[in-house]
Amino acid sequence: MIKKILSLLGVTLLAAGAVFAWNVARLPTVAAHSAPIEAVAPLAADPAVLAAAVRIPTVSYDDADVIDHGPFDRWMAFVQEAFPRTHQRLKWEIINEYSFLYTWSGQSVDATPILFTAHYDVVPVDDNGEWHHPPFSGQLADGYVWGRGSMDDKAAVISILSATEKLLEEGFVPHRTLVFAFGHDEEIGGRSGAAKLAAQLEARNIRPEWMLDEGMVITDGVISVIDQPIALIGVAEKGYLTLELYVEGEGGHTSSPPHHTAAGVLSAAVARLENSPMSARLDGAAAAMFDRLTPAMPVVPKALFANRWLFEPLLIKQLEGKTSTNAMIRTTAAVTQLKGSNKENVLPRLASATVNFRLLPGDSVDDVIRYVKAAVADPQVKVRVIGEATEASKVSDVSGKGFASIESAVNSVYPEVLTAPALLIATTDSKHYAPLTSNIYRFRPLWVTPADVPRFHGVNERLAVENYQRMVTFFYQLMRKVE
Ligand SMILES: [Zn+2]
C-alpha cells in the first residue's frame with residue numbers, strides 16, 4: 001500500500017514538475033504588449049490652462065457651511081472662456097448647481113455611450129510654509145504646474161476638455177456618443193455631485209458601455225520587483241464599512257470595580273479581532289494584475305507566479321508581509337477610535353471601539369459583520385454599522401472593448417510602460433455610477449514615483465508639463481479609439 005502511495009506521489013510530482021516547467025517556459029522573457037504599439041508624439045497642449053484652473057480654489061470641506069461657492073461660480077465662467085468650441089458645440093448642462101454634464105453626440109446614434117468622469121473640487125490645504133509655491137498660485141516653474149488640484153483631479157477635467165477642443169478643431173466626430181460628468185464634491189463623498197449626475201443619467205436611461213474615472217496611475221518604482229513603469233488600470237474597487245463595537249457596563253466608582261470593566265471586555269474583543277484577520281485570497285483584480293505582470297518579473301517570483309496553482313499559499317504569505325500588498329488580498333480591519341468613561345475614577349457605562357473595514361470584492365458587508373461577531377465571540381460585545389457602508393465593486397471586464405481602448409491609448413502615448421489591470425484599495429466617485437454600467441475603469445495617466453505619492457492631498461502637489469501634455473494626448477487618443 002505504501003509503495004502504491006509512493007509511486008502515485010511520484011507520478012503526481014513528476015506531472016507537477018512538468019506543468020511547472022511548462023508554465024515558466026511558455027512565458028515570454030519580457031512582458032509583451034497585447035497589441036502592436038503605434039506611438040504618437042505628445043500634443044503641445046498649453047499648461048497655462050491647467051495653471052489657471054489651479055488658481056481657482058474650489059475647495060471642498062466636510063462641513064458644508066464652510067464651503068465658499070464663489071470659486072465654483074468662477075469655474076463656470078473659466079471653462080466657457082478656456083474651451084469655447086466645446087461649450088458651443090457640445091450639449092452642456094449644470095446639474096445641482098455646480099456639477100457639469102457634457103454630451104458629445106456620436107456618429108452611431110444606436111450605440112451606447114462612453115462616460116468619462118472627473119471632479120474639479122480639491123481638498124483643503126495645510127500651508128505651513130512647506131509649499132515651494134503657494135498652493136493656489138498655479139505657478140509654472142521648473143517644468144511643472146504647481147498647486148492643489150494639478151494632479152487630483154483638475155488635470156483630468158482640463159485634459160478631457162483640451163482634447164475635446166482639439167478634436168473639435170479638427171472636425172472630429174466620435175464614433176459613439178461621449179458623455180463627460182464632472183462632479184464638484186468628490187472629496188467629501190460625491191453626494192451632491194456624482195450621485196446627482198448619475199441619477200440624471202439613470203432618469204434618461206443612459207447606460208454607458210463603459211466608463212473611466214480617476215483611481216490608479218502609472219507607477220514608476222512603486223512595485224519593487226518590476227523595473228519598468230506600469231500603468232495600473234483599476235478594474236475593481238474595495239468596499240467601505242465602519243463598525244462600532246460596544247460594551248455596556250454598570251458604571252459607578254472605581255473603588256470596588258468588577259473583574260472586567262466594559263473597557264476591559266472591549267479591549268479583549270478588539271485584540272481577538274486584530275489577531276484573526278479575514279482570510280486572504282489571490283483572485284479577481286489582484287490575480288489578474290499578477291498574471292499580467294508575471295512575464296516581466298525576475299526569475300524567482302516569475303516561477304512562483306507562473307505556478308500559482310502550486311505556490312498560492314506561499315505567495316499569500318509573502319504578500320501578507322507588506323501592508324500595501326496585504327490590502328490587495330483581503331478585507332482589512334483598522335481599529336481607529338476607542339472610548340471609555342470620561343473620568344479616570346469612573347467606570348465606563350459604555351466602552352466603544354470604531355473599526356474601519358475595506359472590503360475585498362467577494363466579501364459583502366453582511367459577511368464582514370458575521371465574521372466580526374464570530375471573531376469577537378462574546379455576546380457582551382454588540383456591533384453596529386456607523387455611517388454609510390459601500391459594498392466592494394464588481395470586477396470589470398479585462399478582455400472587453402473598454403479595457404482594450406484604454407490600454408491602446410496608454411500604449412500609444414507611453415510606449416515605455418507596461419499595462420495591467422489592478423484592484424483599487426481606495427474609493428472613488430465611480431461607486432455612484434455602478435448601477436449604470438458594470439464596466440468601470442479607474443485610471444489617470446499620471447506618472448507617479450514613490451516620492452510623488454505624498455503629494456496627493458499633501459504638500460507640493462504638482463504635475464510635470466510633459467506629463468500634462470501626455471495626459472491630454474491620452475484622452476485625445478482614447479476619444480479617437482472608442483469603437
Ligand atoms: Zn480625486
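Observations on the structure shown:
- Structural descriptor for segment 359-405: relative contact order 52 percent, calculated from alpha carbon pairs under 8 angstrom and at least 6 residues apart.
- The ranking of MET151, MET76, MET479 from fewest to most other beta carbons within 10 Å of each one's beta carbon is MET76, MET479, MET151.
- Diffusion coefficient, µm² s⁻¹, Stokes-Einstein with Kirkwood Rh over alpha-carbon pairs of segment 239-390 at 25 °C and 0.890 mPa s: 140
- Segment 238-274: GluC sites (Glu not before Pro) in DSSP coil with no more than 13 other Cβ atoms inside 10 Å: GLU250
- Beta bridges per DSSP, both residues in the chain: antiparallel share near 65 percent.
- Computed from backbone phi, the HN-Hα couplings of segment 44-60 come to 8, 5, 7, x, 4, 5, 5, 4, 5, 5, 5, 5, 9, x, 7, 8, 9 Hz, rounded to whole numbers (Karplus: 6.51 cos²θ - 1.76 cosθ + 1.60, θ = phi - 60°; Gly and Pro given as x).
- Cα-Cα over 21 Å, subset of LYS394/LYS431; LYS339/LYS431; LYS91/LYS196; LYS238/LYS394; LYS238/LYS322; LYS166/LYS481: LYS339/LYS431
- Inter-centroid distance (Cα atoms) of segment 170-214 relative to segment 100-161, Å: 15
- Length-normalised contact order for segment 283-331 - Cα pairs under 8 Å, 6+ apart - percent: 28
- Neighbour-count order for ARG462, ARG292, fewest beta carbons within 10 angstrom listed first: ARG292, ARG462
- Two-decimal ratio, segment 147-245, of alpha-carbon radius of gyration to 2.2 N^0.38 Å: 1.37
- Backbone phi angles across segment 371-380, fed through the Karplus curve with coefficients 6.51, -1.76 and 1.60 (θ = phi - 60°), yield HN-Hα couplings of 4, 4, 5, 5, 5, 6, 6, 8, x, 6 Hz in residue order; Gly and Pro are listed as x.
- Relative contact order computed over the chain (Cα-Cα under 8 Å; 6+ residues apart), in percent: 26
- Hydrodynamic radius of segment 386-483 per Kirkwood, over alpha carbon pairs, in Å: 15.5
- Cut-off 14 Å between beta-carbons: net charge of the residues surrounding LEU423, Lys and Arg +1, Asp and Glu -1: +3
- The chain: calculated mean residue ellipticity at 222 nm from DSSP helix runs of at least 4, using -39500 (n - 2.57): -11000 deg cm²/dmol
- Spin-label pair GLN200/THR323, simplified geometry with 7 Å Cα→Cβ offset, distance in nm: 3.9
- Of every Cα-Cα pair in the chain, the percent that sits beyond 38 Å: 34
Taken together, the values in this text are just the output of simple stated rules run on the coordinates, not laboratory data. No experiment lies behind these values; they were computed from the predicted model shown. All Cβ positions, even for glycine, are placed from backbone atoms using ideal geometry, and neighbour counts span all protein chains on display.
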